[in-house]
């Protein structure tokens with residue numbers, strides 16, 4: 001995309017292990033924690049070396065042998081990483097530490113070099129251990145789906161590997177078991193805990209998909225019929241028809257995108273990498289310069305060399321390098337646990353800087369399904385009579401408004417037997433007509449009754465129609481024979497949480513909120529008034545939504561577009577951050593947005609913004625801590641107040657503090 005905000009380069013771990021999620025994590029003869037075992041072994045040998053030297057235990061060479069062994073155990077993984085970096089033409093903190101340790105050995109200060117390598121290796125082993133907590137929050141996703149599934153094929157029930165499931169397979173889900181694949185229910189009723197995928201705290205009731213809907217578009221199949229791999233069935237038994245193979249399931253796609261998100265750099269991370277690019281050569285230049293300090297001040301070459309090695313340790317930018325990636329990883333992991341998929345550091349940071357939000361109406365601020373909202377019987381007709389004739393006629397139509405009238409009417413009427421209508425036909429594209437109980441019933445909008453051969457619409461009825469339309473209803477007028485029987489109002493009603501979410505967003509500092517919709521301006525105004533949005537723009541084509549986004553960005557700079565990720569994809573692409581609603585099970589929504597609210601729950605939006613702001617605060621704290629420590633240690637090392645031992649202790653301590661501070665995001669609560 002042309003918009004700079006939406007470039008998502010895929011970063012290999014070319015900058016350093018700090019870049020992604022594998023910071024200093026190694027396998028080896030002792031398994032995943034070999035680096036920690038090596039470091040602790042080095043610590044024991046370091047302690048023994050000091051004891052041998054202080055109390056003259058054993059032969060004279062024994063302390064030196066212990067310190068050399070510390071070089072091996074403390075420097076083994078550091079050397080491995082340094083070699084990997086050098087092969088890519090990068091000189092980073094591991095290389096600087098090895099140079100400092102080699103310098104100490106060159107001066108015969110083996111104990112200090114051993115201490116340096118022990119503390120450095122221990123700091124990074126503990127750092128990896130801390131970061132592992134954040135990674136496990138993400139890796140836990142992999143354990144959500146079972147490895148086997150029970151299927152019914154040709155009348156035979158058998159257990160198969162989940163990887164062998166194909167679209168169309170019928171899977172039997174036992175009570176209180178994990179669901180192995182994405183699909184829809186074909187038999188049984190149960191409630192399903194969808195928290196692992198969508199973050200919803202309350203189980204969702206599931207029932208069989210109605211006959212004839214098997215080939216419907218995915219977006220048209222309601223949440224009450226769909227299930228996802230990795231979710232947990234309740235007390236009932238279900239049979240589901242698989243719609244996606246394991247590798248294409250919502251869970252698999254989320255896992256893949258979260259892993260990719262870990263590697264995508266935030267603006268702050270890109271800034272710190274630029275600093276490092278110039279910082280490391282500058283440190284090396286300063287160290288070389290300090291080596292020759294003995295030429296201008298009264299000290300030996302050994303003293304100048306030792307001071308330069310202490311400065312090398314003090315100036316190493318390890319805490320700076322890990323400060324942002326650790327916070328991004330923790331933020332992405334915490335968001336995923338809430339059912340919010342954040343695709344990297346850029347949207348995680350920029351979400352917290354937003355000052356304006358643009359909402360799609362249908363399916364975002366509203367339910368996305370038209371409902372019978374108003375029933376106005378006219379003189380001579382009761383409400384029940386009006387509903388019965390409307391339901392009988394609209395049953396013959398497959399239009400979404402007809403379905404809304406039928407469903408709403410049946411709900412209001414209850415268990416009443418309704419005579420069937422016959423002879424359905426469309427009338428001028430503005431309504432329908434059918435025969436019911438010996439009379440012609442005509443149902444349509446007000447334009448239908450402006451036709452030359454139709455009785456004119458009385459003024460008092462027209463006034464009632466205008467009132468309903470201004471309240472956001474699409475109106476259908478019902479006439480039986482020559483008598484007007486009533487008016488029906490159908491409306492895509494606002495979500496129950498919409499108004500509360502808008503108030504919450506305003507309270508946390510979002511200055512401007514706009515609704516963009518293709519619906520007519522009257523409906524747009526009515527919905528906006530109900531949910532508390534100041535500005536509504538209706539009658540917009542997709543390209544006009546993009547133009548509206550561009551205009552708002554000129555006024556507010558940082559803007560998010562929230563929609564379903566399909567029709568709104570062009571507008572999302574032009575916003576600072578694109579946010580997709582109800583992305584669970586929707587491939588297009590997952591791909592289109594920077595942030596995906598997996599559940600169809602607008603209430604997760606304030607959580608995501610709050611998490612982003614907390615992440616920004618922690619990143620600033622980490623940068624202050626890491627740069628502040630370097631600013632303090634370098635002068636102390638140059639003046640000789642801090643030698644190699646204290647320098648490396650404070651250096652590694654600050655690195656560990658930065659990681660622990662970032663891990664606080666894992667416990668973020670709104």
Work out the FRET efficiency for residue 410 and residue 177 from their Cβ-Cβ distance, taking R0 = 35 Å, and round it to the nearest 0.05.
0.50
Global size of segment 371-491 as Cα Rg and Dmax, reported in angstrom:
13.0, 40
Taking the chain and counting helices only, DSSP H stretches of n ≥ 4 at -39,500 (n - 2.57) each over all residues, the nearest-500 ellipticity at 222 nm comes to -15500 deg cm²/dmol
Rounded to the nearest whole number, the Stokes-Einstein translational diffusion coefficient of segment 148-248 at 20 °C and 1.002 mPa s (Kirkwood radius, C-alpha pairs) in µm²/s is 160
Separation of the residue 507 and residue 543 label points, Cα + 7 Å toward Cβ, nm
4.3
If R0 is 41 Å, what FRET efficiency do you get for residue 277 and residue 154 from their C-beta distance, rounded to 0.05?
0.05
With bins 10 Å wide starting at 0, give me the P(r) of segment 454-603 over every alpha carbon pair, in whole percents.
11, 32, 32, 14, 10, 2
Which residues does the label zone of residue 424 cover in segment 341-383, counting backbone N under 19 Å from a point 7 Å along Cα→Cβ?
370-372
If you take the Cα Rg of the chain and divide it by 2.2 N^0.38 Å, with N the number of residues, what do you get?
1.28
For helix 110-139, report the angle its Cα long axis makes with the longest principal axis of the Cα atoms of the chain; keep it between 0 and 90° and round to the nearest 10°.
10
Can you give me the C-alpha center-to-center distance between segment 93-124 and segment 383-399, rounded to a whole angstrom?
84
Counting C-alpha atoms alone, how compact is segment 243-363: give Rg to one decimal and Dmax as a whole number, in angstrom.
23.2, 80
Roughly what angle does helix 267-291 make with the longest principal axis of the chain, taking Cα atoms, 0 to 90 degrees, to the nearest 10?
10
Share, in percent, of DSSP beta bridges within the chain that are antiparallel, nearest 5:
75
Degrees, to the nearest 10: 542-556 long Cα axis against longest axis of the chain:
50
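Just so you know, all these numbers are worked out from the coordinates, no wet-lab data involved. This is a predicted model, so every value here is computed, not measured. Please note: Cβ atoms are built from the backbone with ideal geometry, for glycine as well, and neighbour counts cover all protein chains shown.
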